[in-house]
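J.: Before we start, here is the structure in question, set down as structure tokens.
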Amino acid sequence: MAITLQQLRYLTAVADEGSLTQAAARLGVTQPVLSRALAQLQQELGTALLKRSDRKLILTAEGEAALIPARRAVAAVQEVQRSALLKRQAPLLNIAAQSTMLAAIAPAFHDLVQRYPDMHLNLTTTESVEAMTDALANEQIDIVFGQMPTLSHGARWVAWDSLEVVLVSPPDLDLPDPVTLCDLTTIPMISIQASTRRQKTFDDLFLRAGIRPNIVLEVEDLSVLFPMVQAGVGSFHAWRFIASRYEGVAVRRFNPPQTADIGFAYVDRRKAQVREFIDLALRQPRPALL
């Protein structure tokens, strides 16, 4: 028979009270139940843990040695229970955002945590708006931040900004500024390998114009895009507020301007923090002002 947490709890109570009667009253059990549990514990350990002295129960030397880890075990379980209770009681907010835009609303996370110190935030970053939209419909996500998805299952949309798309090129590339989509048919282009909403936005630009870009490199890791441009491999499309932060590249606008709507999609599940987070994010400076 294995040692149980209940037996260790009983041992610590008897050590504290010095009496089976008082320990049983403290634990809310009968004295026979307490005596039987302690007898089983001593049998399992193969040694006596308690002895009588002057009509009082005291620990033997073996009991004193066993009491220290017993208290630790009881305290550890109590801490597990306390942590689980706090986590269950704390508000949980699941947020999904396109990684390339996350920096624009990062201050809203700080403001929400300041307002709700016990809140647990779970953040998922991806470039696939479709995956985030599915998670929203399946109630795995409370808020989606990114390009306007296809709304379904009662989801609501709150517009945040309209972001401008620009061309990022090697600095020595001979192109006008602003450029037209037709200007891009003769230059090497870099595209994102994964099928994402962002790449679809850029592909749609060419499709509507009836032109086909000269793709020389497809990448999966977005972090290599700017180094590839700086190395002169080719050009790619980016959000202007991101492209303007990089040196060693040329940033050109389009004529006519190319934009995409950015905002929040959410399903109203009566979670006040959902709307409050969106309100906090709406107060942040827009990319054009950063």
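The values are calculated or read from the model by the stated rules, or taken from the named source; none is laboratory data. Just so it is clear, the structure is predicted and the values come from calculations on it, not from any experiment. When we count neighbours, we look across all protein chains shown, and the Cβ atoms used for this are built from the backbone with ideal geometry, even at glycine. Surface accessibility is based on the protein's heavy atoms, side chains included, excluding ligands, DNA and RNA. Shrake-Rupley method; radii C 1.70, N 1.55, O 1.52, S 1.80 Å.
J.: How big is the equivalent ellipsoid of the stretch 4-134 along its three axes, where each semi-axis is √(5λ) from the Cα gyration tensor, reported in whole Å from largest to smallest?
T.: Taking √(5λ) for each eigenvalue gives 53, 15, 13 Å, largest first.
J.: Using a Gaussian network for the chain with springs between C-alpha atoms less than 10 Å apart, which of these wobbles most: Arg156, Arg208, Arg36?
T.: Maximum among the listed residues: Arg36.
J.: Separate question: Once you compute Rg and the Kirkwood Rh from C-alpha atoms, what is the Rg to Rh ratio for the chain?
T.: Reported Rg/Rh (Cα atoms, Kirkwood Rh): 1.32.
J.: Right, another one. Just how much of Val33 is accessible, in Å², when a 1.4 Å probe is used and the result is rounded to the nearest 10?
T.: Surface open to solvent at Val33 totals about 50 Å².
J.: Let me ask another. Counting only heavy atoms of the protein chains, get the accessible area per residue of the chain (1.4 Å probe) and round it to a whole Å² value.
T.: Accessible area per residue, the chain: 54 Å².
J.: Over the chain, what relative contact order in percent results from Cα pairs under 8 Å that are six or more residues apart?
T.: For the chain, the relative contact order is 20 percent.
J.: Next up: Using only Cα atoms, tell me the angle between helix 197-209 and the longest principal axis of the chain; keep it within 0 to 90° and round to the nearest 10.
T.: Approximately 20 degrees, to the nearest 10.
J.: Nearest 5 percent is fine: what portion of the DSSP beta bridges confined to the chain is antiparallel?
T.: Here the antiparallel bridges make up roughly 60 percent for the chain.
J.: Considering the dipole of the chain built from charges on the beta carbon (Lys and Arg +1, Asp and Glu -1) around the Cα centre, which of Gln230, Thr185, Ala75 is farthest to its positive end?
T.: Looking along the dipole axis, the top candidate is Ala75.
J.: A further question follows. Of all accessible surface on the stretch 1-147 at a 1.4 Å probe, what whole percent is carbon and sulfur?
T.: 52 percent
J.: Shifting gears a bit: How much length, in nm to one decimal, is gained on full extension between Thr47 and Val77, taken as 0.36 nm per residue of separation minus their Cα-Cα distance?
T.: Contour length minus Cα-Cα distance gives 8.3 nm.
J.: If packing is taken as the average number of other Cβ atoms within 10 Å across a peptide's residues, how do 243-253, 99-109 rank, most packed first?
T.: Peptide ranking by packing, descending: 99-109, 243-253.
J.: If you don't mind, another one. What FRET efficiency do you get for Tyr246 and Arg275 if R0 is 30 Å and r is their Cβ-Cβ distance, rounded to the nearest 0.05?
T.: About 0.30, to the nearest 0.05.
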